[in-house]
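Undergrad: Got a structure here, written out as structure tokens. Questions coming.
Bear in mind these aren't lab numbers, they're just calculated from the coordinates by the rules spelled out. None of the values given here were measured: they were computed from a predicted structure. We place every Cβ from the backbone using ideal geometry, glycine too, and count neighbours over all the protein chains shown.
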Amino acid sequence: MKIICIGRNYTEHIAELQNERPTEPVIFLKPDTAILLKQAPFFIPEFSDDVHHEVEIVVKISKVGKYIDAKFAHKYYNEIGLGIDFTARDLQAKLKEKGLPWEKAKAFDGSAVVGDFLPKSEFNSLENITFELTSNGQTVQKGNTSHMLWKIDELIAYASQYFTLKTGDLLFTGTPAGVAKVKADDVLEGFIEGKQMFRIQVK
Ligand code: ZN
């Protein structure tokens, strides 16, 4: 399986990193070895002094597809979850500066927290899902899917032009504002509509 991630999908997050607003979705991949299951600790890698949390809505692909039309994209997933796209911001900044790929900063072991999933039938609208990340009990990131520049179905349509989507693939849909450095002993908890989806101890 593979993890397809979207960057710069929320205006306020683009602003906080002083990035350019993209004209098309920004896409990168993580390998399956990046997955950190909920309740496993996250170890800050030795190559970074500035690992940031990015809480994101995660979509689990349920059917093989290529060149999926946005209006049929909803047939390709049944579950919505929450995760963290851990990012070594210091390393990413160096790579960005040189125009190099981001993988070392984004796709390292443990960089993709995958929490619980909920059936999409539980939501009134996928375009109005509230989600939140707390660090040591304090809210640090809060988002709503209504603020996405590209909606889930548009992202699936776009990504499937380049990559065949397979059952079990995960789509990380981008982070809202509030990304920040994690430190040892932090406890990160993610919530969708107030329901806990993961709890991660940073080490
Ligand atoms: Zn991200």
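Undergrad: Specify, per residue and in Å³, the volume enclosed by the convex hull of the alpha carbon atoms belonging to region 3-201.
TA: 108
Undergrad: Based on DSSP H runs of at least 4 residues, each adding -39500 (n - 2.57), what is the mean residue ellipticity at 222 nm of the chain after dividing by all its residues, to the nearest 500 deg cm²/dmol?
TA: About -4000 deg cm²/dmol.
Undergrad: Taking the Cα centroid of region 58-103 and of region 1-54, what is the distance between the two, rounded to the nearest whole Å?
TA: Value for the Cα centre distance between the two parts: 9 Å.
Undergrad: Of the listed pairs Lys63/Lys195; Lys38/Lys96; Lys66/Lys94; Lys63/Lys120; Lys104/Lys151, which have alpha-carbon separations greater than 25 Å here?
TA: Lys63/Lys195; Lys38/Lys96; Lys66/Lys94; Lys104/Lys151
Undergrad: Rounded, prolate or oblate: which fits region 119-203 when a ≥ b ≥ c are the square roots of the eigenvalues of the alpha-carbon gyration tensor, with rounded for a/c under 1.5 and prolate only if a/b beats b/c?
TA: Since a/c reaches 1.5 and a/b is larger than b/c, the shape of region 119-203 is classed as prolate.
Undergrad: Starting from the Cα-Cα distance between Ala40 and Lys75, subtract it from 0.36 nm times their residue separation and give me the gain in nm to one decimal.
TA: That pair, Ala40 and Lys75, stretches by 9.4 nm at full extension.
Undergrad: What does the charge count near Ile84 come to, summing +1 for each Lys or Arg and -1 for each Asp or Glu among other residues with Cβ under 11 Å from its Cβ?
TA: So the surrounding residues net to -3.
Undergrad: Right, next: Please compute the modelled spin-label separation between Leu17 and Lys63, points set 7 Å along Cα→Cβ, answer in nm with one decimal.
TA: Distance between the two pseudo-spin positions: 3.2 nm.
Undergrad: Given an 8 Å cut-off on Cα distances and at least 6 residues of separation, report the relative contact order of the chain as a percent.
TA: Over the chain, the number comes to 35 percent.
Undergrad: Within 10 Å of each candidate Cβ there may be at most 16 other Cβ atoms; applying that plus a DSSP loop requirement, which trypsin sites (Lys or Arg not before Pro) in region 21-109 survive?
TA: Lys63, Lys66, Lys98
Undergrad: Okay, moving on. In square nanometres, what is the average projected area of the Cα convex hull of region 60-152?
TA: For region 60-152, the mean projected area of the Cα convex hull comes to 8.4 nm².
Undergrad: OK, next. Take every DSSP beta bridge whose two residues both sit in the chain, then give the antiparallel share in percent to the nearest 5.
TA: Among the beta bridges of the chain, antiparallel pairing accounts for roughly 85 percent.
Undergrad: List the longest stretch of the chain that has no exposed loop site; here a site is one of the GluC sites (Glu not before Pro) assigned by DSSP to anything other than H, G, I, E or B, with at most 15 other Cβ within 10 Å.
TA: 47-126
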